[in-house]
Amino acid sequence: GAGVSQSPSNKVTEKGKDVELRCDPISGHTALYWYRQRLGQGLEFLIYFQGNSAPDKSGLPSDRFSAERTGESVSTLTIQRTQQEDSAVYLCASSFSTLNTEAFFGQGTRLTVV
Amino acid sequence: AQTVTQSQPEMSVQEAETVTLSCTYDTSESDYYLFWYKQPPSRQMILVIRQEAYKQQNATENRFSVNFQKAAKSFSLKISDSQLGDAAMYFCAYRSRNTGNQFYFGTGTSLTVIP
């Protein structure tokens with residue numbers, strides 16, 4: 001597709017359930033980022049993939065959060081045993097690795113844990 | 001790690017007037033890029049403008065321009081002739097070369113445009 005695609009757009013889940021969020025980056029983009037945005041807040045970095053390098057997982061808030069990416073394609077962010085504080089919009093972005101290029105964002109997945 | 005600070009959580013401007021949003025950053029690098037993104041209620045982050053650190057000339061894009069002060073590590077966004085459609089959250093971002101080209105974002109400024 002032409003842009004970064006995220007699915008689902010909205011997800012309501014019960015506390016304690018696992019959820020999987022998907023991000024389909026722009027073709028050819030080697031870098032992929034996940035951010036969390038709580039209501040009215042800024043972007044909180046979660047994880048960063050760059051090509052075949054080891055991902056930068058320094059932003060993952062707990063071991064309930066994990067993410068995978070196969071090569072330069074789709075990424076999935078998994079949240080296990082969801083808690084109410086996980087409720088947020090999860091934004092995915094991709095970019096070329098060259099410095100002067102911007103990150104292109106998807107429209108996010110709004111996760112609500114009830 | 002680099003940090004990006006936006007000290008104005010909220011700003012407002014009268015339609016057709018000019019407003020300036022502030023951003024400062026902390027880095028020891030000399031080569032990097034800076035960006036301003038807009039996030040309207042639709043949630044879609046849209047690039048507004050970018051600045052190369054090695055360029056002294058300030059970037060401009062139509063009604064949007066920046067005041068880049070490298071020594072002061074300041075990167076403010078000026079919106080001229082503000083329009084109702086400019087109402088959104090604005091995020092300043094820094095892209096590092098030394099930490100794997102990671103992006104660092106500020107906490108955002110919510111801009112209201114008053115008709």
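The values are calculated or read from the model by the stated rules, or taken from the named source; none is laboratory data. Because the structure is a prediction, the values reported are computed rather than measured. Neighbour counts are summed over all protein chains in view; Cβ atoms, including those assigned to glycine, are modelled from backbone coordinates with ideal geometry. To get the accessible areas, we keep the full protein, side chains included, count just its heavy atoms, and leave off ligands, DNA and RNA. Shrake-Rupley method; radii C 1.70, N 1.55, O 1.52, S 1.80 Å.
With all protein chains kept in place, the per residue accessible area of chain A amounts to 47 square angstrom at a probe of 1.4 angstrom. Within the straight-line cut-off of under 29 Å between alpha carbons, the lysines reachable from A:K57 are A:K11, A:K15, A:K17, B:K38, B:K73, sequence neighbours fewer than 8 places apart in one chain being disregarded.
Once you have the Kirkwood Rh of region A:8-114 from its Cα pairs, apply Stokes-Einstein at 10 °C and 1.306 mPa s and quote D in µm²/s.
Working: Rh = 13.9 Å.
Estimated via Stokes-Einstein, D reaches 114 µm²/s.
Gaussian network model of chain B, Cα springs within a sub-10 Å range: biggest mean-square fluctuation belongs to which of B:K73, B:K55, B:K38? Judging by the Gaussian network model, the answer is B:K55. Count the net charge of all other residues whose Cβ sits under 14 Å from the Cβ of B:Y54, scoring Lys and Arg as +1 and Asp and Glu as -1. Within the 14 Å Cβ shell, the charges total +2.
Between chains B and A, what is the buried accessible area in Å², counting both sides, with a 1.4 Å probe and ligands, DNA and RNA left out, to the nearest 100?
Numbers: alone 6450 and 6360 Å², together 10800 Å².
Result for this pair: about 2000 Å² buried.
Considering only B:S80, B:S96, B:S30, the mean-square fluctuation computed in a Gaussian network model of chain B, springs between alpha carbons under 10 angstrom, is largest for B:S30.
Quick one: if the Förster radius is 41 Å, what FRET efficiency do A:K17 and B:Q83 give, using the C-beta to C-beta distance and rounding to 0.05?
On the way: r = 43 Å, r/R0 = 1.05.
According to the calculation, E is roughly 0.40.
As a length-normalised measure over Cα pairs under 8 Å and 6 or more apart, the relative contact order of region B:51-90 settles at 27 percent.
Karplus-based coupling profile of region A:7-16, in residue order and whole Hz: 9, x, 6, 9, 9, 10, 9, 7, 3, x, with θ = phi - 60° in 6.51 cos²θ - 1.76 cosθ + 1.60 and x standing for Gly or Pro. Relative contact order for chain B: 37 percent, from Cα pairs under 8 Å spaced at least 6 residues apart, divided by residue count.
For chain A, with all protein chains present and a 1.4 Å probe, just round the carbon and sulfur fraction of the accessible area to a whole percent. Each step should come with its number before you reach the end.
Working: 2410 of 5370 Å².
For chain A, the apolar C and S fraction of the accessible surface comes to 45 percent.
Find how many whole Å separate the alpha carbon centroid of region B:42-74 from the alpha carbon centroid of region A:10-28. For region A:10-28 versus region B:42-74, the Cα centre distance is 32 Å.
Extension gain, B:E29 to B:K55: 0.36 nm times the residue separation minus the Cα-Cα distance gives 7.9 nm. Measuring nothing but protein heavy atoms, the accessible surface of chain B at 1.4 Å probe radius is 46 percent carbon and sulfur.
Residue by residue through B:34-44, how many Cβ atoms from other chains fall within 10 Å of the Cβ on average?
On the way: counts 0, 3, 0, 5, 0, 6, 0, 0, 2, 10, 7.
The mean count of partner-chain Cβ atoms within 10 Å per residue comes to 3.
Per-residue accessible area (protein heavy atoms, 1.4 Å probe) orders A:R38, B:R95, A:R64 as A:R38, A:R64, B:R95, starting from the largest. GNM remark for chain A: springs join alpha carbons under 10 Å apart, and the peak mean-square fluctuation among A:A54, A:A93, A:A31 falls on A:A54.
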